[in-house]
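Undergrad: Input: one structure, supplied below.
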Amino acid sequence: MLFTSYEFLAFLAVVFLLYYILPKKTQWVTLLVASYVFYALAGVEYLAFIAVTTVSSFIATMLMGRVSSRENRYLEQNRSELSKDEIKAYRAKAKGRRFLILCLALLLNFGILAVLKYTAFAVVNVNSWLHAFGAETELTIPSLLLPLGISFYTFQTMGYLIDAYRGKAEIERNPFKLALFVSFFPQLIQGPISRFKDLGAQLTAPHAFARKNFTYGIQRIIWGYFKKLVVADRVLVAINAMIEAPEEFKGFYVFLLIILYSVQIYADFTGGIDITIGIAEALGIRLTENFNRPFSSRSTKEYWNRWHITMGSWFTDYIFYPLSVCRPMAKLTKGCRKIFGKNIGKRIPVYLATVITWFLTGLWHGAGWNFIVWGLLNCLVILVSRELEPLYAKFENKFPRLHASYAYGVFMSVRTFLLMGLIRSLDCYRDVPLTFRMWGSMFTSFNLPEVFGGGIEALGLGLADYIIIALGCVVMFAVSKAGKERSVREQLYDRPVLSWLCFGALFIAIILFGAYSVGYDASQFIYNQF
Amino acid sequence: MEKLIEILQELHDDVDFYAEQGLVDDGVLDSLDIVAIVTEIDSEFGVRIPPEEIIPENFNSAEALWALISKLDEV
Amino acid sequence: MKKRIIISVAALLVICVLLSLLQMLVMPKYTDNKEGALVSEYYDEAGDHDLIFVGDCEVYESFVPAYLWEKYGISSYVRGSAQQLVWQSYYLLEETLRYETPKAVVFNVMALKYGEPQREAYNRMTLDGMRWSTSKVGAIRASMTEEESFVEYVFPLLRFHSRITELTPDDFRYAFRDNKVSHSGYLMQTGVKPQTDFSEGRAEVDYTIDENAWKYLDMMRELCDDKGIELILVKAPTNSWMYWWHDEWEAQVDSYAERHGLSYYNFIPLADEMGIDWSTDTYDAGAHLNVYGAEKLTEYFGQILTEKHGLADRSAEAELAKSWDARLEKYYEERNK
Amino acid sequence: MKKFLALLLCLMMAFCLVACENKKNNNNNDDDDGEGGGASKKSSVSFYVNYNSVKIELGADAKAVLSALGTPKRTDDQGECGGLGRVTKYVYASLELFTLNNGKTETVDGIKLLDDAVKCPEGVGIGSASADVLKACGSNPTNKSDTGITYTSGSKNLIFSLRDGAVSGIEYKVISTKK
């Protein structure tokens, strides 16, 4: 069920009402039932998958809990007789057993995700290799439907499992409460990927109706819908036109596509997250922020600390760090240090771990070479800029005034915006070679006069649409600037007239200028096929 | 402790590691720096810092890092 | 605290008022394609009609109530609309019976060829004009296509909001008052465009009439039986390869009429007898009659209605005559313009 | 009292949820394949003809085809009631071409063959026996009766009208809405 459908709004109203009417201690039950109803409406046949993930995680954590409690009991009883080494050995054995349970659970859940999401992709590649070697046989490409939000809830649950193994998250004894953590409906579709220690307790704690929270939540939901319906879905019309006929829209169009797609994905993704966080806030639950003014970042590294924060931190905590400090990597470092000397040797493990992490990030975004190349390009930019750091430092020392100046800051932000936009356009075209050809055409075929002569009308948007998009961007920029220190909603809270004026205007703008209903058919969230 | 400071100095010579208390929080050290430090500590001190210990509190200052190393060493 | 509540309530009120004003503004006014304004005009003249026509464009372009009254004293009204589907005809009839009970109902059978909801644009033209009642709810649920949702009928602003960037002066002029387009449901066409291409119509994939269409025709028939109203089936005279009445359909409608003892008049073969000349009596080369053709048909059909269906001449009734004189005056005013 | 209030409000809200659903799950009385014939199966029939070395395909852009075919013998056009689209008929020596103009684009809406000078790509034409049609175009058409054989794929249709066992008329037709 889309965020932008009337059914969802009705569903939301019912959930809010029941949540605050029913007695406090059953609130989390209401959320659980609502989440499963929401999931069933998206596709009853997928309930099995989310149930398997929940049950397998519950069993795994219970087993791990029993192993560590037996370990603690044993060590308490005969603390005195055992020597330090024996204790260490016993503790290592217990940890090994828990590690085994963890691996089994991870294998099962990531296995489901991999099979459903990547078999078709894998088969296609195998077939192409077979053809390359002239073999006639060909595997049939299975058409497996992807359960709603499987990538998000699998990652969130596996994060909990790893935290439980590491003793960072206390184990949830009640399977239903765990089921709520896995399937909390607002974040099912596109995250944010929450951590159990942040969200677990909040979900099951009773929340009295707080007018402030509820108002903030509703205001943020309206803001999310404004970005999504007025800007994102309207721009999508032009983007689809350009993607469907790449040969026709070459040259300057590609640059236009990069700009428009950056605007579209910002409005669509942050809008969706605003709706999610707004719903949670209205229920008295605080979710982690997923964005922090990403387009104001001055370098790719900073960008990836501000865009899709929860995904970045997930990959860092659960893939990058373990990968870079594990034993085989340590042995590899020693080996490289001997061969290449200290300087190179030091860099090898870090860079290898980064490349692997970004490869997996790309793969997670979608089952296609363009996503993988997208990940690796991001990684390349980060590593190269890290290598050139001494060069930058020299440049900044030579021109300190310039470096500190505002203009240089703007230049860096624009540079990062364009670079990220360029790499992100890999999502748009159907395959990687086409994307590179398109990037090339930006510099070879010059058709600027033709684009603004009349070409821009052929994209399916009229002048009025472009004005609305431009105004939408101005509003988004202004709100982002105003909300730098203190969120705009807080600033407006003590001035009711002004806040009603602003959010009333936004509400009317959504109804009037929103790209929904038969005039446009509101597109799916870009991330829905996750 | 001096050896530790030496390792940190190598990565960022412009930072005063004695005074600095917010190495991670203020963004001085990024994830790649942290991994470089951990591998260095492993080869220099023979102490393996497990992934779950890589949290801002332990890496925010040289003292905190030193405390972590000593804690892991004598267990 | 109280101040906050007052502000909130006031703000909500202002927003609602603004939205309803915007809704009036963006609602299509159907000044160019007039067919969309027909259904809502019935309510001002609802009252005393012995004959009600329901059906698609062939109904509201072929039968002239003013002329029928002038020639035979039969008081009638045409509740037609563009591509009106069978279930929409049924629900419109059901709604009409809330206001009055005619002696006879005429239904044009061309719509039987559609068994499924067709196009959203036509649904809106027919249904938006209806006043809210269980009949309207039924009509909407039976007519909705895939892309439509019920709430967009309750709040038309949600559907027509995208017209905000294409407003015309008419949208402002007719925001608050309706523009009268028809004469008791008859949409006058004075233009002449002779029919020159008398070739046959285009083939259909499947000539069997859908049982969903039969179902609603049965419901219409049962509704008329309950209220003691005579249901008359007609096929208006047309001569265009675009709207071709195939013999296979004719056979099925004939057998249905016989089975249920309904009178069925197919006016296509009778066109010559009525004196219809396809070079002067049609405004769009044979698809629909213009006013001259419609008057000839109405005259011919009026004869049948008085002789075979016992519709009395009520021109003597003073009060009824007075209301019809006003309508006749407006009719001739537009006709002789 | 609170429990009762909750129940009441929940029912009211649930009704609004039900009322808001759209067409997909309300009374779809007959499914897609309608009367007497299998579902609109993907048939192997192609939906174009070659005439005077011009390929005329259903749904294609009309301008290119019309300019290639040259001036027709006669044209006639009819508007859909409610002014939502215009269908124009172009009459050529041995076929009639129908185009649909919905205000934005003009596409090929139908082709009606008038004599056996023009054959279907599968090789059958007016006058061929119905058995030949079944052999050439596929033995399980979407709709078969003694007066006609129809092959449907999505919105594209190929209709053979039959008179005493032989093909009396061939027509390609686009039907965008359901029957």
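Undergrad: Inside segment A:416-507, counting only helices (runs of 4 or more DSSP H) that do not spill past its ends, which hold 3 or more residues that are among the polar types (S, T, N, Q)?
TA: On the way: elements: A:432-444, A:448-453, A:463-482, A:488-493.
The helices (runs of 4 or more DSSP H) meeting that bar are A:432-444.
Undergrad: Taking the criterion of being surrounded by 19 or more Cβ atoms within 10 Å (Cβ to Cβ) and touching a Pro at 6+ places or on another chain (Cβ under 6 Å), would at least one residue in segment B:25-38 satisfy it?
TA: Looking through segment B:25-38, none of the residues is surrounded by 19 or more Cβ atoms within 10 Å (Cβ to Cβ) and touching a Pro at 6+ places or on another chain (Cβ under 6 Å).
Undergrad: Of all residues in segment A:334-343, which are in contact with a helix residue (DSSP H, G or I) (Cβ under 6 Å, 6 or more places away or on another chain) and charged (D, E, K, R)?
TA: Correct list: A:Arg337 only.
Undergrad: For segment A:367-400, name all the residues that are in contact (Cβ under 8 Å) with a residue 12 or more places away in the chain, part of a helix (DSSP H, G or I) and of a type outside the set (A, V, I, L, M).
TA: Listed by number, the residues that qualify are A:Trp369, A:Asn370, A:Phe371, A:Trp374, A:Gly375, A:Asn378, A:Cys379, A:Ser385, A:Arg386.
Undergrad: So how many residues does segment D:126-151 have that are surrounded by fewer than 19 Cβ atoms within 10 Å (Cβ to Cβ) and assigned to a loop (DSSP other than H, G, I, E, B)?
TA: Selection size over segment D:126-151: 6.
Undergrad: Hey, another quick one. Could you please let me know if B:Ala64 is within 28 Å of A:Leu161 (Cα to Cα), more than 8 Å from chain A (Cβ to nearest Cβ) and surrounded by fewer than 19 Cβ atoms within 10 Å (Cβ to Cβ)?
TA: When the stated conditions are applied, B:Ala64 passes them.
Undergrad: Looking at segment C:2-26, I want the residues that are more than 8 Å from chain A (Cβ to nearest Cβ) and among the hydrophobic types (A, V, I, L, M, F, W, C) and have a partner that is outside any helix (DSSP H, G or I) and surrounded by 12 or more Cβ atoms within 10 Å (Cβ to Cβ) with Cβ atoms under 6 Å, at least 6 apart or on another chain. Which pairs are those?
TA: Hits for this filter: C:Met24/C:Ala175; C:Leu25/C:Ala175.
Undergrad: Test of understanding: among C:Thr96, C:Thr101, which residue is under 15 Å from the mean Cα position of the chain (by Cα) and at pLDDT 90 or above? Can you show your working first?
TA: Details: C:Thr101 fails: under 15 Å from the mean Cα position of the chain (by Cα).
Unique residue meeting the criteria: C:Thr96.
Undergrad: Here are the criteria: (1) farther than 23 Å from D:Tyr51 by Cα; (2) within 9 Å of chain C (Cβ to nearest Cβ); (3) modelled with pLDDT of 85 or more. Tell me which single one D:Lys179 does not satisfy.
TA: Only one criterion is unmet by D:Lys179, namely (3).
Undergrad: Continuing with the same structure: Pull up segment A:401-413, narrow it to residues that are modelled with pLDDT under 85 and either surrounded by 11 or more Cβ atoms within 10 Å (Cβ to Cβ) or not in a helix (DSSP H, G or I) (or both), then point me to the one that is farthest from the other protein chains (Cβ to nearest Cβ).
TA: A:Ser405
Undergrad: Kindly indicate which of C:Leu93, C:Leu112 is surrounded by fewer than 24 Cβ atoms within 10 Å (Cβ to Cβ) and either among the β-branched types (Val, Ile, Thr) or away from chain D (no Cβ under 13 Å) (or both).
TA: Exactly one of C:Leu93, C:Leu112 is surrounded by fewer than 24 Cβ atoms within 10 Å (Cβ to Cβ) and either among the β-branched types (Val, Ile, Thr) or away from chain D (no Cβ under 13 Å) (or both), namely C:Leu93.
Undergrad: Another question about this same structure. Say we look at segment A:306-333 and pick out the residues that are under 30 Å from B:Ser43 (Cβ atoms) and either out of contact with any helix residue (DSSP H, G or I) (no Cβ under 7 Å at 6 or more places or on another chain) or acidic (Asp, Glu) (or both); which of these is farthest from the other protein chains (Cβ to nearest Cβ)?
TA: Restricting to residues being under 30 Å from B:Ser43 (Cβ atoms) and either out of contact with any helix residue (DSSP H, G or I) (no Cβ under 7 Å at 6 or more places or on another chain) or acidic (Asp, Glu) (or both), the top hit is A:Pro328.
Undergrad: Take the conditions at pLDDT below 90, surrounded by fewer than 20 Cβ atoms within 10 Å (Cβ to Cβ), among the aliphatic types (A, V, I, L, M) and assigned to a loop (DSSP other than H, G, I, E, B) and apply them to C:Ala175. Does it pass?
TA: Working: at pLDDT below 90: yes; surrounded by fewer than 20 Cβ atoms within 10 Å (Cβ to Cβ): yes; among the aliphatic types (A, V, I, L, M): yes; assigned to a loop (DSSP other than H, G, I, E, B): yes.
In short, yes.
Undergrad: List pairs: first in segment C:101-119 and in contact (Cβ under 8 Å) with a residue 12 or more places away in the chain, second among the hydroxyl-bearing types (Ser, Thr, Tyr) and surrounded by 21 or more Cβ atoms within 10 Å (Cβ to Cβ), Cβ under 7 Å, 6+ apart or cross-chain?
TA: C:Phe107/C:Ser89; C:Ala111/C:Ser89; C:Pro117/C:Ser143
Undergrad: Identify the residue in segment A:1-19 that is hydroxyl-bearing (Ser, Thr, Tyr) and more than 10 Å from chain D (Cβ to nearest Cβ) and, among all such residues, is surrounded by the fewest Cβ atoms within 10 Å (Cβ to Cβ).
TA: Filtering first and then ranking leaves A:Tyr19.
Undergrad: So D:Asn102 clears everything in (1) surrounded by 16 or more Cβ atoms within 10 Å (Cβ to Cβ); (2) farther than 21 Å from D:Ser153 by Cβ; (3) touching a Lys or Arg at 6+ places or on another chain (Cβ under 9 Å) except one condition, right? Which one?
TA: For D:Asn102, the failing item is (1).
Undergrad: Just one of (1) of a type in the set (A, V, I, L, M, F, W, C); (2) over 18 Å from D:Ala60 (Cβ atoms); (3) more than 13 Å from chain C (Cβ to nearest Cβ); (4) outside any loop (DSSP other than H, G, I, E, B) trips up D:Ala93, so point out which.
TA: Condition not satisfied by D:Ala93: (4).
Undergrad: Of everything in segment A:20-33 that's closer than 21 Å to A:Leu148 by Cβ and crowded, with 17+ Cβ neighbours inside 10 Å, which residue is nearest to the other protein chains (Cβ to nearest Cβ)? Spell out the reasoning first.
TA: Our first condition is that a residue be closer than 21 Å to A:Leu148 by Cβ; within segment A:20-33, this holds for A:30-33.
Within this subset, residues satisfying the condition of being crowded, with 17+ Cβ neighbours inside 10 Å are A:30-32.
Details: A:Thr30: 10, A:Leu31: 15, A:Leu32: 16 Å.
For segment A:20-33, the residue satisfying everything is A:Thr30.
Undergrad: Pairs please, first residue from segment C:226-253 and under 20 Å from C:Glu61 (Cβ atoms), second anywhere and outside any loop (DSSP other than H, G, I, E, B) and charged (D, E, K, R), Cβ atoms under 6 Å, 6+ apart in sequence or on different chains.
TA: Filtered contacts from segment C:226-253: C:Ala236/C:Glu58; C:Trp245/C:Lys235.
Undergrad: Give segment B:22-75 a look and list any residue that's within 20 Å of A:Tyr351 (Cα to Cα) and small (Gly, Ala, Ser), or say none.
TA: Residues satisfying the conditions are B:Gly27, B:Ser31, B:Ala36, B:Ser43.
Undergrad: Among the residues of segment B:1-56, count how many are assigned to a loop (DSSP other than H, G, I, E, B), at the interface with another protein chain (Cβ under 9 Å from one of its Cβ atoms), more than 18 Å from A:Pro328 (Cβ to Cβ) and charged (D, E, K, R).
TA: 2
Undergrad: As an exercise: evaluate C:Arg159 against (1) within 14 Å of chain A (Cβ to nearest Cβ); (2) more than 23 Å from the chain's Cα centre (by Cα); (3) among the basic types (Lys, Arg) and give the number of the one condition it does not meet.
TA: (2)
Undergrad: Yes or no: segment C:143-154 includes at least one residue that is surrounded by fewer than 18 Cβ atoms within 10 Å (Cβ to Cβ), assigned to a helix (DSSP H, G or I) and within 11 Å of chain A (Cβ to nearest Cβ).
TA: Scanning segment C:143-154, I find at least one residue that is surrounded by fewer than 18 Cβ atoms within 10 Å (Cβ to Cβ), assigned to a helix (DSSP H, G or I) and within 11 Å of chain A (Cβ to nearest Cβ), so the answer is yes.
Undergrad: Please find, within segment C:207-225, the residue that is nearest to D:Phe160 (Cα to Cα) out of those that are assigned to a helix (DSSP H, G or I) and facing chain D (nearest Cβ under 8 Å).
TA: C:Glu211
Undergrad: Within segment C:230-270, track down each residue that is aliphatic (A, V, I, L, M) and in a loop (DSSP other than H, G, I, E, B).
TA: C:Ala236, C:Met242, C:Leu262, C:Ile268, C:Leu270 - these are the residues of segment C:230-270 that are aliphatic (A, V, I, L, M) and in a loop (DSSP other than H, G, I, E, B).
Undergrad: Considering only residues that are in contact (Cβ under 8 Å) with a residue 24 or more places away in the chain, in a helix (DSSP H, G or I) and closer than 19 Å to A:Val414 by Cα, look in segment A:299-325 and name the one that is nearest to the chain's Cα centre (by Cα).
TA: A:Trp304
Undergrad: Quick one: A:Phe411 ticks every box in (1) farther than 30 Å from A:Ile344 by Cα; (2) in contact (Cβ under 8 Å) with a residue 40 or more places away in the chain bar one, so which box is it?
TA: Only one criterion is unmet by A:Phe411, namely (2).
Undergrad: Next question. Scan (1) more than 10 Å from chain D (Cβ to nearest Cβ); (2) buried (at least 20 other Cβ atoms within 10 Å of the Cβ); (3) closer than 13 Å to A:Pro186 by Cα; (4) modelled with pLDDT of 90 or more for the single condition A:Tyr36 breaks and write down its number.
TA: Among (1) more than 10 Å from chain D (Cβ to nearest Cβ); (2) buried (at least 20 other Cβ atoms within 10 Å of the Cβ); (3) closer than 13 Å to A:Pro186 by Cα; (4) modelled with pLDDT of 90 or more, the lone unmet condition for A:Tyr36 is (2).
The values are calculated or read from the model by the stated rules, or taken from the named source; none is laboratory data. Here the structure is a predicted model, which means the values were calculated and not measured. When we count neighbours, we look across all protein chains shown, and the Cβ atoms used for this are built from the backbone with ideal geometry, even at glycine.
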